[in-house]
Amino acid sequence: MEHQGVLAVISGFSGAGKGTVMKALLEGYDQYALSISATTREPRPGEENGREYFFVSEPEFEEMIEKGALIEYARYVNHYYGTPRAYVESKLAEGKDVLLEIEIQGALKVKEQFPEALLVFLVPPSAAELKERLSGRGTETEEVIEKRLKRAAEEAEGMASYEYILVNDKVEDCTARLHALIQSQHYRTSACRELIRRMEEELKELTKKA
Ligand code: 5GP
């Protein structure tokens, strides 16, 4: 069957475990490609340029905006974050399922440009668990944790704009559910236009002969 790549946009509060679930998808299955965003924030300890993000300066980021090199971008807690266009478009064309791990403003902009995109919101089992995970990371100051929790409260209002909500209780379970959800998109009528066209043609041919 002819398959186009699925564009899956995964959002969720900072600390919901999106990164871990993305990693599990990439390691568990061959068909995924993870888009690497550009950002103006500082790398956290252990992060590498070109692996977690492309870490760029504000002027560099603004140049990318001007050149139309980003599908979308947003400001989040005082920094720019954006999705480079070239990688996403080439991987979708190859038939890969492309994962975007981005926040809500960006997700909604992607949906405008790619109406077939799948919008998924990942939540922790509870708000208390979210705070626990953010503090447990040990990489953020109290002030940043507070900012991220406030932002989470704001983002909770946007959850209803998403098509699916997944609770990240256990990473393996959540990953399996997300994988099934993304794969189901391959069978949407809109993703099977080529198959429909071929069926119609073949049936026409057959009935002509009969
Ligand atoms: P963090 O600083 O924790 O890595 O990311 C902060 C937020 O920015 C997260 O919600 C993450 O999903 C979001 N983000 C990462 N890359 C992008 C991007 O390219 N575009 C947008 N709009 N948000 C992004």
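Remarks
- Between Glu116, Glu112, Glu140, Glu154, the distinction of being within 14 Å of the ligand (Cβ to nearest atom), surrounded by 13 or more Cβ atoms within 10 Å (Cβ to Cβ), of a type in the set (Asp, Glu) and more than 14 Å from Gly17 (Cβ to Cβ) belongs to Glu140 only.
- Residue check for Val98: within 13 Å of the ligand (Cβ to nearest atom), over 19 Å from Phe13 (Cβ atoms) and touching a residue at least 60 places away in the same chain (Cβ under 8 Å): yes
- Number of positions in segment 23-48 that are out of contact with any Ser or Thr (no Cβ under 7 Å at 6 or more places or on another chain), within 9 Å of the ligand (Cβ to nearest atom) and open to solvent by less than 20 Å² (accessible area, probe 1.4 Å): 2
- Residue count for segment 49-74, restricted to those that are within 13 Å of the ligand (Cβ to nearest atom) and either among the charged types (D, E, K, R) or free of Cβ contacts under 8 Å to residues at least 40 places away in the same chain (or both): 14
- Qualifying residue in segment 143-155 (condition: part of a loop (DSSP other than H, G, I, E, B) and either hydrophobic (A, V, I, L, M, F, W, C) or in contact with a strand residue (DSSP E or B) (Cβ under 9 Å, 6 or more places away or on another chain) (or both)): no
- Within segment 75-88, the residues that satisfy the criterion of being open to solvent by less than 80 Å² (accessible area, probe 1.4 Å) and either hydrophobic (A, V, I, L, M, F, W, C) or more than 6 Å from the ligand (Cβ to nearest atom) (or both) are Val77, His79, Tyr80, Pro84, Arg85, Ala86, Val88.
- The listed residue being hydrophobic (A, V, I, L, M, F, W, C), away from the ligand (no atom under 15 Å from the Cβ), within 30 Å of Gln31 (Cα to Cα) and part of a strand (DSSP E or B), out of Ile196, Ile182, Ile165: Ile165
- Condition broken by Thr20, with the remaining ones in (1) β-branched (Val, Ile, Thr); (2) in a helix (DSSP H, G or I); (3) within 12 Å of the ligand (Cβ to nearest atom) satisfied: (3)
- For segment 46-122, the helices (runs of 4 or more DSSP H) that sit wholly inside it and include 1 or more residues that are within 17 Å of the chain's Cα centre (by Cα) are 85-94, 104-113.
- Selection within segment 159-182: residues that are open to solvent by less than 70 Å² (accessible area, probe 1.4 Å) and out of contact with any strand residue (DSSP E or B) (no Cβ under 8 Å at 6 or more places or on another chain). The member of this set that is nearest to Arg133 (Cα to Cα) is Val171.
The values are calculated or read from the model by the stated rules, or taken from the named source; none is laboratory data. Only a predicted model underlies this, so the values are computations on that prediction, with no experimental measurement involved. Counting neighbours? That spans all protein chains shown, and the Cβs are built from the backbone with ideal geometry, glycine included. Note: accessible area is taken over every heavy atom of the protein model, side chains too, but ligands, DNA and RNA are not part of it. Shrake-Rupley method; radii C 1.70, N 1.55, O 1.52, S 1.80 Å.
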